[in-house]
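The next block holds one structure in the form of structure tokens; read it before the comments.
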Amino acid sequence: MPLSLDDFDYALPAELIAQFPARERSSSRLLRLSGGTLSDHRFAELPQFLHCGDVLVLNDTRVIKARLYGNKASGGKIEALVERVTGAHEALVQMRASHPPRPGARLSFDAALEAEVLERRGDLYLLRFGSDASVLDLLERHGHLPLPPYIAHADGEQDQLRYQTVYAQHPGAVAAPTAGLHFDETMLAQLRSMGVQLAWLTLHVGAGTFQPVRVNKLAEHKMHSEHYEIPPTTVQAIAGARAAGRAVIAVGTTSLRALESAARADADCLPRPGAGETALFITPGYQFRVVDRLITNFHLPRSTLLMLVAAFAGMEAVRAAYRHAIEQRYRFFSYGDAMLIDKIEHAPYTTD
């Protein structure tokens, strides 16, 4: 059946949008959805739901300080959000300005950093930064952490630490893989001691993750593209879990999309190692090839991430889970609480 944007809408009280993280990473709440049954827990209880031989796949991307504030040569104010670093001195950015800058325009950021607009590519601008330092070094020096638009405060000292996973390694993301924010070093050590294998991949989350779906017919939506890399050791770990009859658990929708994208042409349902680009748009009816269970936060209404979760667990089960979460005052979105979801074998699209 054709999918409509309205099928993924829900009413969320504004006070349930988490503005700050929980006091401790693993002290957030965890809603478990398994076989259509819901149960309430603390994230610290996660290890009791995992088993020796399971593989937990985590995204080790690192959030960069991707937001810049500055002025055009005319004096008009601008705000730039780096979408992707494309070279040592160039980047594609989203731009907010009263009048869009044209190619050749000079921009100044933080009174010490200049850039030239090279060209416009759809909604993005290609900038070349005028410095011997790399774009990543310049952003670290002059940029601001790109907190999501629903977080009302400016980035502060606490955000520098908490809007980043404890295992972040490779800089390039402009949004955090938020399911991973709940893990601390103590829990990771506990999981290793239980025989749960930790496996890694890198997907640099783009600003497109916050872009609204602007078409009512989902088949017409064009998904943003993101870069990922999956090392051979992760593929080997997944193959070992498959052979032993153990589960593959994706930490976050980013890990899931990378794994599923890399396995789409593989008859053995294993991801292929190496780098790639994914624009995979997962909606109900999608048949998952790699991932058995998913750890994820609660997602925005009418978002592609909510559609992915509905595909994984079933439309009605996810609707019931979100109703329960709102009734029980769970905290939503990036700094909010988490879900542990078991995949259903077949998730047909249904309407009330």
| query | Most fluctuating residue of VAL93, VAL117, VAL57 in a GNM of the chain with Cα springs under 10 Å: which is it? | reply | VAL117
| message | Could you give each residue of the stretch 292-298 its phi-based ³J(HN,Hα) in whole Hz, using Karplus coefficients 6.51, -1.76, 1.60 with θ = phi - 60°, and x for Gly or Pro? | response | 9, 9, 9, 9, 8, 7, 7
| message | Roughly how far apart, in whole Å, are the Cα centres of the stretch 234-301 and the stretch 1-75? | response | 17
| Listed residues LEU203, PRO101, GLN287: farthest to the positive end of the dipole of the chain (Cβ charges) | PRO101
| Between ARG272 and CYS52, what length comes free when the chain is fully extended (0.36 nm per residue of separation minus the Cα-Cα distance, one decimal in nm)? | 76.8 nm
| remark: Measuring from its Cα centre, the stretch 1-91 shows a charge dipole (+1 at each Lys and Arg Cβ, -1 at each Asp and Glu Cβ) which, in debye to the nearest 20, is 520
| Working out 0.36 nm times the residue gap between PHE20 and ALA243, then minus their Cα-Cα distance, what length gain in nm do you get to one decimal? | 76.1 nm
| Mean Cβ neighbour count within 10 Å, used as a protection proxy, ranking 288-299, 42-53, 133-144 highest first | 288-299, 133-144, 42-53
| task | Note the full-extension length gain between ASP9 and VAL166 as 0.36 nm times their separation in residues minus their Cα-Cα distance, in nm to one decimal. | result | 53.3 nm
| query | What is the calculated FRET efficiency for TYR150 to ALA219, with r their C-beta to C-beta distance and R₀ = 22 Å, to the nearest 0.05? | reply | 0.20
| query | Simple spin-label model, 7 Å along Cα-to-Cβ: GLN287 to GLU345 in nm? | reply | 1.3
| remark: For the chain, the dipole about the Cα centre with charges only on Cβ (Lys and Arg +1, Asp and Glu -1), to the nearest 20 debye, works out at 260
| query | Which label belongs to the value computed from this structure, given these candidates for Rg and Dmax of the Cα atoms in Å: [x] 20.4, 65; [y] 20.2, 58; [z] 22.0, 70? | reply | [x]
| said: Taking amide H atoms as placed 1.01 Å from N in the peptide plane, list the residues 5 or more away in sequence, or in a different chain, whose amide H sits under 5 Å from that of GLU114. | reply: PHE109, GLY130
| field | Karplus (6.51, -1.76, 1.60) ³J(HN,Hα), θ = phi - 60°, over the stretch 146-158, in Hz, Gly and Pro reported as x | value | x, 4, x, x, 8, 8, 7, 8, 6, 4, x, 4, 4
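Read-outs: derived from the displayed coordinates by stated rules, not from any lab. Keep in mind that this is a model prediction, so the values were computed, not measured. Please note: Cβ atoms are built from the backbone with ideal geometry, for glycine as well, and neighbour counts cover all protein chains shown.
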